[in-house]
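To start, the structure under review is shown below, and the notes come after it.
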Amino acid sequence: MAQKLKAIAVDKDLLEFEVQLLDKFIITSEVVQDWRDFMNELLIDINKIMPTYTLMTIFRIGDDQFEVDIFWYGVPDADVKVRFEEYVRESVQSSNHFLGYTDYSVRHNVSDYNCCITARDYGNFAYRTKSLFLDTPKIGGIVGLSVQSEMATDPIKHIVIDSILTTMANLVGSVKAINKYTNDLEYYAAHDPLTGLFNQRVFVDFLEYEIKRADAHGYEFALMVIDCDNFKPINDRYGHAFGDLYLQEFSRVLEKSKRNEDILSRYGGDEFTLILPECGLEGALAVAHNIARSIEDFKLLTSDGSHAGVTVSIGISIYPEHAKTQKELFVIADGMMYKAKEDGKNSIRVPSGDDIVSVIKEQKAKSSLLIDAVANNRIVPYFQPIQTTISGKNEIHELLMRIEVDGKVVSAYEFIEVAESMSIINRMDLMVIENAFVKMKEENYQGILFINLSPKSLIVGNYADSITQLIRQYDISKDHIVFEITERETVKNFSLLEKFVMNLKIAGYKFAIDDFGSGFSSFHYIKKFPIDYLKIDGEFIMNINKDKKDKAFVHSILTLAKELNVKTVAEYVENEEIVKTLKEMGVDYLQGFHIGRPKNTFTILE
């Protein structure tokens with residue numbers, strides 16, 4: 001009986017010991033801030049249960065590299081650090097788990113700076129180690145974990161330590177993975193994924209902030225809009241991958257040519273913006289000329305052995321001399337950039353009094369035209385056919401917006417920014433959708449209609465209800481509607497978009513991601529949203545027969561789509577050679593001028 005009671009007591013003691021350890025393995029919202037801080041705090045917590053001198057993690061960071069983090073409970077003597085690093089080196093060399101790894105780095109972290117670990121301490125725990133090595137990297141890239149503790153030699157408690165190491169490895173790997181993912185999201189929310197520069201959204205925030213700062217301190221500042229001259233021919237001739245590389249190198253030249261305090265952003269495509277704090281016209285012109293000379297000297301080696309280069313057209317505006325609002329300041333600088341292009345490109349344009357009046361007048365004229373178009377229902381639906389590769393029929397059409405101006409129908413593209421600034425884009429969206437439904441009824445169209453959703457419209461609370469009401473009003477089958485989410489657009493409130501999509505999905509509608517592959521969040525979108533169609537970014541399709549990387553990228557998208565049972569649409573299909581390649585690769589649908597241009601009627605092929 002006494003022996004049984006003793007065994008039960010030991011088991012209870014072990015259970016409490018294990019529960020106390022596991023209680024420390026809880027990931028909270030604070031954990032993702034810095035995984036090393038979490039590890040330091042975890043070591044302090046573990047010491048409340050069992051004396052532990054060090055925790056050591058090993059993460060794979062490359063094909064043949066890894067990093068070792070040693071977390072010390074107290075501050076180690078220099079000799080102790082050297083001896084422990086020697087122990088790490090011997091462990092790596094003698095372990096089959098690290099065969100093929102050629103390089104590693106060691107980082108020391110301290111949990112409690114109020115205590116020290118001496119050579120004598122090290123002698124006491126040097127061989128009291130429990131380690132776990134994984135055959136392949138797990139979550140976060142973790143490949144190894146070890147604990148140096150007096151408990152490691154305890155004949156009873158070492159069993160618990162052994163069993164808990166796997167849980168601990170998953171925990172540490174998860175924390176690091178979450179930390180990296182969070183940091184990546186924060187970075188790419190503010191930065192352009194291609195160039196690493198600030199993105200358009202952050203540029204707007206900086207510009208508004210700089211206006212407030214200039215007002216508070218009574219100084220002027222400059223805004224510059226920079227656009228590449230003749231970049232499109234380079235992109236078309238040498239392919240999308242080379243075009244991306246060129247823009248990356250181009251942005252580095254811009255970085256070196258500006259002042260340290262200037263704020264450089266990629267506004268979109270091959271257009272960049274530069275905010276020059278505490279800088280007047282003379283200083284801005286000096287920077288602009290320096291940029292122009294640097295870009296003119298910059299050439300990039302191409303695949304055929306030649307060198308590709310561009311020039312720049314630069315527009316400048318000064319606050320508060322030329323404008324006193326963020327919108328007008330940008331409109332003037334942007335207008336001056338286009339004036340520079342009209343002057344023959346490779347030039348710098350500063351606004352005169354007449355230029356300012358002209359640009360503002362043009363902006364107001366666009367506003368008046370939009371107000372008139374909305375008031376008189378001149379928002380015209382156009383339809384671009386999307387062909388099924390198997391049947392060759394145009395079973396789908398994409399809805400595009402056109403505006404009737406002075407008896408002519410023009411693309412809505414040049415009016416979009418004005419419409420968004422006037423907060424009437426949602427009214428225009430609903431108007432073109434309603435007019436499209438009228439056409440569907442008139443022509444008895446039985447195919448599918450792709451409808452683009454403007455992220456700016458999503459902030460309108462009843463937008464989804466308004467669309468649903470129109471669908472009921474015109475008796476349109478939900479099976480015939482697919483809503484497109486454009487990944488290039490910046491959505492500040494991602495949770496709002498997610499809620500919007502889920503509500504419509506529950507209601508029975510289908511969804512497509514447009515321009516898939518064009519930005520950092522492509523795979524995040526497909527993971528978060530119930531997607532039915534992927535529209536592959538046309539930049540990859542245009543050069544699919546010229547650029548192996550583009551073809552490989554399209555192939556990977558098709559593989560992913562098939563695994564997820566998602567249909568694929570290839571955009572920018574411009575010739576029969578591309579059609580043949582895409583059919584061989586297994587694309588489901590084709591869209592582009594070769595298939596059919598947008599028209600104000602449905603293009604039906606029997």
Practice problem: With 25 Å as the limit, write out which pairs from Lys478/Lys499; Lys366/Lys505; Lys441/Lys599; Lys393/Lys549; Lys212/Lys258; Lys393/Lys441 have Cα-Cα distances beyond it, or answer none. | Solution: Lys366/Lys505; Lys393/Lys549
Quiz item: For Ala119 and Ala375 in the same chain, what is the full-extension length gain: residue separation times 0.36 nm, less their Cα-Cα distance, in nm?
Solution: 83.8 nm
Quiz item: What share of the DSSP beta bridges in the stretch 385-477 is antiparallel, in percent to the nearest 5?
Solution: 65
Practice problem: Could you let me know the centre-to-centre spacing of the stretch 183-227 and the stretch 305-378, using Cα atoms, in angstrom? | Solution: 19
Quiz prompt | Extension gain (nm, one decimal) between Tyr209 and Glu186, 0.36 nm per residue minus Cα-Cα | solution = 6.3 nm
Quiz item: Which whole-Hz couplings ³J(HN,Hα) result when phi for each residue of the stretch 265-271 is put into the Karplus expression 6.51 cos²θ - 1.76 cosθ + 1.60, θ = phi - 60°, listed in order with x for Gly and Pro?
Solution: 9, 9, 6, x, x, 10, 10
Practice problem: Could you pull out which residues in the stretch 351-388 have an amide N less than 18 Å from a spot 7 Å beyond the Cα of Tyr338, following the Cα-Cβ vector? | Solution: 351-371
Practice problem: Determine, from the Cβ-Cβ distance of Lys505 and Asn444 and an R0 of 25 Å, the FRET efficiency 1/(1 + (r/R0)^6), rounded to the nearest 0.05. | Solution: 0.35
Practice problem: For Lys48 paired with Lys528, estimate the spin-label separation in nm (one decimal), with each label point 7 Å from Cα along the Cα-to-Cβ line. | Solution: 3.6
Exercise. Work out the FRET efficiency for Asp34 and Leu564 from their Cβ-Cβ distance, taking R0 = 35 Å, and round it to the nearest 0.05.
Key: 0.55
Practice problem: Taking every Cα atom in the stretch 322-396, find the radius of gyration and the maximum pairwise distance Dmax, and write them in Å. | Solution: 20.0, 60
Practice problem: Could you check how much of the accessible area of the stretch 377-467 is carbon and sulfur, as a whole percent, using a 1.4 Å probe? | Solution: 48
Quiz item: For the stretch 260-346, what number of Lys pairs, 8 or more residues apart or on separate chains, have alpha-carbon atoms under 24 Å from each other?
Solution: 5
Exercise. Could you tally the net charge around Glu584, taking each other residue with its Cβ under 12 Å from the Cβ of Glu584, Lys/Arg +1 and Asp/Glu -1?
Key: +2
Practice problem: Within the stretch 262-368, list the trypsin sites (Lys or Arg not before Pro) lying in a DSSP loop whose Cβ has at most 10 other Cβ atoms in a 10 Å radius. | Solution: none
Self-check item: Theoretical gain in end-to-end length, Ile416 to Met585 [0.36 nm per residue, Cα-Cα removed]
Solution: 57.3 nm
Self-check item: Computed E for Ser368/Thr302 - FRET, C-beta separation, R0 56 angstrom, nearest 0.05
Solution: 0.75
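The values are calculated or read from the model by the stated rules, or taken from the named source; none is laboratory data. Computed from a prediction, not measured in an experiment: that's the story for all the values here. Cβ sites come from the backbone with ideal geometry, for glycine too, and all protein chains shown count toward neighbours. Just so you know, the surface numbers come from the protein's heavy atoms only, side chains and all, with ligands and any DNA or RNA stripped out. Shrake-Rupley method; radii C 1.70, N 1.55, O 1.52, S 1.80 Å.
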